[in-house]
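To start, the structure under review is shown below, and the notes come after it.
The values are calculated or read from the model by the stated rules, or taken from the named source; none is laboratory data. This one's a predicted model, so the numbers in the text were calculated from it and none came from an experiment. With ideal geometry, Cβ positions are generated from the backbone for all residues, glycine too; neighbour counts draw on all protein chains shown. Ligands, DNA and RNA are stripped out before the accessible areas are found, and what is left, the full protein with its side chains, is counted by its heavy atoms. Shrake-Rupley method; radii C 1.70, N 1.55, O 1.52, S 1.80 Å.
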Amino acid sequence: MKYLIVGLGNIGAEYAGTRHNIGFKVLDALAEASNAVFTTARYGDVAELKHKGRTLILLKPSTYMNLSGDSIAPTAGFFKIPADHVIVLCDDITQNPGKLRIRPSGSAGGHNGLKSIIARLGGENFPRIRIGVGAKPHPDYDLAAWVLGKFPAEDAKALSGRYPDLEAAAKLIMDGKLSLAQSKYNG
């Protein structure tokens, strides 16, 4: 059985370390913890891991955030991975830095990367782990400037402390224990 774990982000060095690229950062930590190495493939950077006899494909899409589905759908198709075995890691501005929100499916909730994935996978039936990156400092603050901004040191520390939890939550989802992942790691 195969799973595709996708970390959302924007390609290019200028986006490294930004709130929108937390998905990439988490996948880097997962790969490093498993001694896996990313290689560049047609639709993004890919690494492969094993977990309890399952093959895990890690994908950092080669598209920009708003076109994530254009990378994810063909990758899932290539590896013959159904939508409910695609786990998406993305930023969430409605949660404090480091807070997690695990859902089995659902709407995009205003996240353009999730909108693209829903459109290309043909529905909302894929689990996602939304990673809190903090809210804009005030309502008039430009959303693009906020999500493309870098983390202050305190927020970066709060987020990096959750990498083991993110890995454990993804593994619980793959083990068919999404409810347990929610009760253990949400909030």
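In table form, for the structure just shown:
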{"read-out": "At q = 0.14, 0.23 Å⁻¹, base-10 log of I(q)/I(0) for region 63-111 (Debye sum, equal scatterers on each alpha carbon)", "value": "-0.44, -1.03"}
{"read-out": "Ranking by accessible area, most exposed first, for D92, D70 with a 1.4 Å probe", "value": "D70, D92"}
{"read-out": "Computed label-point distance, nm, for sites H51 and S34 using a 7 Å Cα→Cβ extension", "value": "0.7 nm"}
{"read-out": "Helical contribution to [θ] at 222 nm, DSSP H n ≥ 4, -39,500 (n - 2.57), averaged over the chain, rounded to 500", "value": "-10000 deg cm²/dmol"}
{"read-out": "Per residue accessible area of region 1-131, 1.4 Å probe, in Å²", "value": "43 Å²"}
{"read-out": "Built amide H within the under 5 Å cut-off of I87, gap 5+", "value": "L4, I5, V6"}
{"read-out": "Point-to-point label distance, K2-S183, nm (Cα→Cβ direction, 7 Å offset)", "value": "3.3 nm"}
{"read-out": "Most fluctuating residue given options A145, A13, A29, as computed from a GNM of the chain linking Cα atoms under 10 Å", "value": "A13"}
{"read-out": "Total lysine pairs whose alpha carbons fall under 13 Å of each other in the chain (8 or more apart, or interchain)", "value": "13"}
{"read-out": "All Cα pairs of region 1-54, percent lying beyond 12 Å", "value": "68 percent"}
{"read-out": "Volume of the Cα convex hull of region 88-129, divided per residue and given in Å³", "value": "59 Å³"}
{"read-out": "[x] 10, 41, 39, 9, 1; [y] 9, 31, 26, 13, 7, 6, 5, 2, 0; [z] 9, 31, 34, 19, 8, 0, with the label sought being that of the calculated P(r) over Cα pairs in 10 Å bins from 0, in percent", "value": "[x]"}
{"read-out": "Charge context of L58, other residues only, Cβ under 14 angstrom, K/R +1, D/E -1", "value": "+1"}
{"read-out": "Rough spin-label spacing in nm, given labels placed 7 Å along Cα→Cβ, for S107 and N125", "value": "2.0 nm"}
{"read-out": "Phi-based couplings in Hz for region 154-162 (Karplus 6.51, -1.76, 1.60; Gly and Pro marked x)", "value": "4, 5, 4, 5, 4, 6, 5, x, 9"}
{"read-out": "Assigned charges on the beta-carbon of Lys, Arg, Asp, Glu; the chain dipole about Cα centre (debye)", "value": "540 debye"}
{"read-out": "Region 78-143: chymotrypsin sites (Phe, Trp or Tyr not before Pro) falling in loop per DSSP and having at most 14 other Cβ within 10 Å", "value": "Y141"}
{"read-out": "Spherically averaged projected area of region 6-117 from its Cα convex hull (nm²)", "value": "7.1 nm²"}
